[in-house]
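Notes for the one structure printed next.
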Amino acid sequence: MKITALAAIASLFLISIATPWSTSAQTGPSASGSYTFVLEDDLTKTLEFQAATDERGTTTGQFTWRDDAGSVEVDPDSGQEPPKGLPSFFLTADLDSLTILDNRALMGGTVRDSSNRDYIGRWVQLVVEDNGDGRLDKFSWCFCKPEPGGWVPADAEDPRDEGAWWHWWSTDAERRDDIGIESPNVIPGTRHGCIIPPLAVYDFPNARGEGDIQVQR
Amino acid sequence: MKTFRFTLRAIGVMAFTFILFSAAQAQATRTWVAGLGDDANPCSRTAPCKTFAGAIAKTSKDGEISVLDPSPAGAVTITKSIYINGTTGAGFGSILNPSSTGFFINITDVNDLRKAVRIRNIDINGASSGLNGVTITSANNVWIEDSVIDGNAGDGIASGIGVRVNESNGCNLFISNTVIHKNVTGVRLSTTSGFVAASIKNCNIEGNTTGVDASAGGFATIDHSRISGNTGDALKATASGATINVTDSVMAHNTGAAANASVTGSTIRCTSNRVYNNTASFLIAAGATVASDGENRVIGNAGGVAPNGAVPKQ
């Protein structure tokens with residue numbers, strides 16, 4: 001009897017300790033999912049992604065894309081059409097931004113690896129909509145070239161000035177929930193070449209396939 | 001029993017969910033192209049493709065490709081019924097087609113019952129070296145509206161043509177509010193079987209060598225248009241049975257003839273036109289016909305002959 005009571009108390013104690021940890025591990029919004037689908041071209045495409053924002057507002061995540069349609073860059077002014085029968089195209093991107101509005105999430109990141117080397121360094125934009133179980137989730141993606149060029153402003157008269165390329169977050173150290181304010185970016189050449197409309201107006205393609213998407217605010 | 005009912009209900013729900021899940025949204029997609037687009041994108045308005053060729057694969061039959069900005073969108077082969085809309089919000093959509101054909105229309109899919117293509121608000125620029133602006137080898141109906149087609153060079157028979165119909169069946173071509181200039185031949189119609197019927201309205205066909213050439217099986221009806229400033233003939237019928245009807249139009253300042261029925265059995269009918277200052281007004285080969293309703297204004301032409309046929313009024 002005493003042993004049973006002690007075991008029960010110990011269990012309750014362990015649970016009470018574990019609960020705050022598991023709660024803190026789930027702080028911040030997140031989005032994740034995977035889908036295998038086709039568009040009108042009937043060529044299989046697969047996307048997998050996960051992104052989460054921590055307490056300080058830093059977003060990390062990964063996006064993987066595969067497309068049997070292949071990829072090739074054709075100059076529209078050449079008068080030539082892209083060749084047919086291209087090999088499958090893949091890329092992976094590090095996601096560094098996450099915005100959630102209701103059941104939609106907008107993620108952005110930079111391509112780190114790709115079967116088409118021209119895509120490395122490009123920006124990727126992923127928009128997903130979690131419509132729950134039993135209803136079709138929606139998603140869209142966009143690849144954009146970053147704005148070319150760029151320079152770092154620096155004081156030429158001060159040899160110690162390494163240039164205005166520093167990036168920081170200012171936060172209230174006395175508040176755990178203060179996600180901080182990002183420093184302004186004065187360096188051109190890092191802007192993305194994509195249009196970024198309000199999250200509510202994104203178009204979704206007519207995709208046929210299966211998968212699941214979760215968006216957590 | 002309860003377990004059996006529950007199982008049936010569960011199966012029914014799953015089947016319904018599967019149907020709901022796997023049923024594609026309605027077809028007839030609308031896709032978009034833009035200068036900042038990428039052909040790996042889904043071609044939506046917020047994630048456009050870059051070229052017509054990239055977008056057409058993701059556009060359903062009878063769908064529409066729209067243009068977001070005036071950046072060149074590349075040459076494309078069309079093999080299904082489709083509407084290509086250059087739009088006017090940010091200017092014309094455009095194709096630069098040096099040494100190639102802007103739109104090559106060849107719809108042979110037996111399941112594509114309409115075989116119809118509509119091209120609107122597109123600037124097709126061959127940059128003086130294009131093959132053809134639009135080539136049609138297989139389609140039922142093609143509309144070209146509010147567009148510009150120029151800069152194609154070649155022999156004027158197989159290439160160097162603004163709009164070339166080279167069919168093996170019948171075809172209807174409708175061209176309206178379009179400028180066709182600086183080609184060897186503006187419009188050329190031919191087929192090996194059936195008829196090619198072209199209706200041309202409110203068009204300027206200028207600065208070509210030949211304006212409109214109706215060849216084997218070709219029938220062209222032109223109204224309220226200007227076929228002027230061509231270095232050869234404005235209108236030319238080049239096969240037996242080929243017919244050109246032209247009404248309420250201007251044929252002026254052509255270095256050749258305003259109307260040339262150039263082979264036996266060809267016919268050109270002219271009603272209520274203005275024929276001014278051409279090298280020749282009408283040229284008629286032996287056995288050919290140029291008919292008039294007597295209401296044409298013909299003056300200032302250096303040569304030519306009078307019509308040898310009549311278009312009766314009824």
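The values are calculated or read from the model by the stated rules, or taken from the named source; none is laboratory data. Keep in mind the model is a prediction, meaning the values are calculated, not measured. With ideal geometry, Cβ positions are generated from the backbone for all residues, glycine too; neighbour counts draw on all protein chains shown.
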Item to check | Counted residues, segment B:286-307 - those being in contact with a Ser or Thr (Cβ under 6 Å, 6 or more places away or on another chain) and closer than 14 Å to B:Gly256 by Cβ | outcome: 3
Checklist entry - For segment B:50-80, which residues satisfy the criterion of being part of a loop (DSSP other than H, G, I, E, B), out of contact with any Ser or Thr (no Cβ under 6 Å at 6 or more places or on another chain) and facing chain A (nearest Cβ under 8 Å)? => result B:Lys50, B:Thr51, B:Ala57, B:Ser71
Checklist entry - Among A:Thr36, A:Thr46, A:Thr92, A:Thr58, which is surrounded by fewer than 20 Cβ atoms within 10 Å (Cβ to Cβ) and modelled with pLDDT under 95? => result A:Thr58
Checklist entry - B:Tyr83 fails exactly one of the following numbered conditions: (1) away from chain A (no Cβ under 12 Å); (2) closer than 27 Å to B:Leu113 by Cα; (3) not in a strand (DSSP E or B). What is the number of that condition? => result (3)
Item to check | Residues located in segment B:90-116, provided they are among the small types (Gly, Ala, Ser), within 14 Å of another protein chain (Cβ to nearest Cβ) and in a loop (DSSP other than H, G, I, E, B) | outcome: B:Ala90, B:Ser99, B:Ser100
Item to check | Qualifying positions in segment A:29-43 - outside any loop (DSSP other than H, G, I, E, B) and either at positive phi or away from chain B (no Cβ under 14 Å) (or both) | outcome: A:Ser30, A:Ala31, A:Ser32, A:Gly33, A:Ser34
Next on the checklist: Pairs please, first residue from segment B:76-88 and under 11 Å from B:Gly63 (Cα atoms) and in contact (Cβ under 8 Å) with a residue 12 or more places away in the chain, second anywhere and of a type in the set (Asp, Glu) and buried (at least 22 other Cβ atoms within 10 Å of the Cβ), Cβ atoms under 9 Å, 6+ apart in sequence or on different chains.
Outcome noted: none
